[in-house]
Amino acid sequence: MMSMDDQDEIPVLIEHEGNEPRKVPLTIICGFLGAGKSTLLKRILTEQHGFRIAVIMNEFGDTADIEAKTINVASEGEQSEEFLELANGCLCCSIKDTGISAIEKLMERKGAFDHILLETTGLADPGPIAALFWHNEEFATGLGRDISLDGVICVVDAVFGPQQIEEDRGSDTVGESLRQIAGADILLLNKIDLASPESVASTAALLRGVNPAAPIHQTVRAEIDVSLLLGVRAFTAPPAIPPTHDHDHDHEHKAEPTHYELRGITSLLVAVPVLSRSRLNALDEWIRTVLWEQRLPSDAEASPTLTVLRCKGLFVLDSGEQYVLQGVRSMYELVEAEDALGVPDAGKLVLIGTGLDARVRTSLQGVWA
């Protein structure tokens, strides 16, 4: 199920069709300025990893010398597409727009690659971009038939990342670095060789607190096995959410509480008991109210601070079925899991956003009380 940001528009249900043809997975890469996005992409483009990957970079002619070749792009204000075939089977593309035109060109070569990587600018919020490629009505009737969103990777600078996050903490609004962390499905903590082990551990704990649902990979010069970044199916597979604790003062988990708040950003991690069908429907209604109307069901008016940037969940029914929740901003879907995760005795839910205080937890737990 999903909703558009425009409150005057009627939310539209997402329909699912079986036996769909294989789609080319797309991964969005965002990250702090200077964190190592270009380094990561250069590795992917030049190493022998066995994948045929199409990479869409902002302006690789200005920022990267792929195999010692410089590609000139158009002057400011003009749209330009440049394609560079590489020896390892990868394809590099540069464009000065949102990337849609580049992807349309790439899809004309369908079958020539296994995966698409889309690099955003250093200040880009991945949320709206992810929403564009995930169940966007207009997009779904065109490119969306051939492309599926695989996940969002955020590259964080181990040296200057803490400073950038601290600067965002002093802002009256949620800073872009925090939005990038919150919206990521994979976090790459890069340049760990340039920071002390204590600082790296502290930054990793900070990232885990803001986004407990995203695995963290620590890297030097963005060196990582490409298979860890691709094919994660973050928007279709059951989420690997860490263990939850129903109390906020577990002495063994002080570094990773189930409710973490950094000024402007909050993550709430809640254990969900086995649900009846009616309780699942009630939970679905609770989610709709919070995401679409930005209020708790018990409140008459919307809260100016309550906003969900990302949500994930796995719910178990007393009938044995399992349901997966995935959401980006006001868009979400709740569908039966295709690949059940064993026989878990309880479900889990993580909400990442603003205004997720104790009242939200109490209201949520009231759904199955």
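FYI, it's all coordinate maths here, none of it is from the lab. Just so you know, these numbers come straight off a predicted model, no measurement behind them.
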Enter the Cα centre distance for the pair the range 348-369 and the range 193-217, rounded to the nearest angstrom. 25 Å
Once you have the Cα-Cα distance between SER276 and ARG22, take 0.36 nm times their residue separation minus that, and quote the gain in nm to one decimal. 88.1 nm
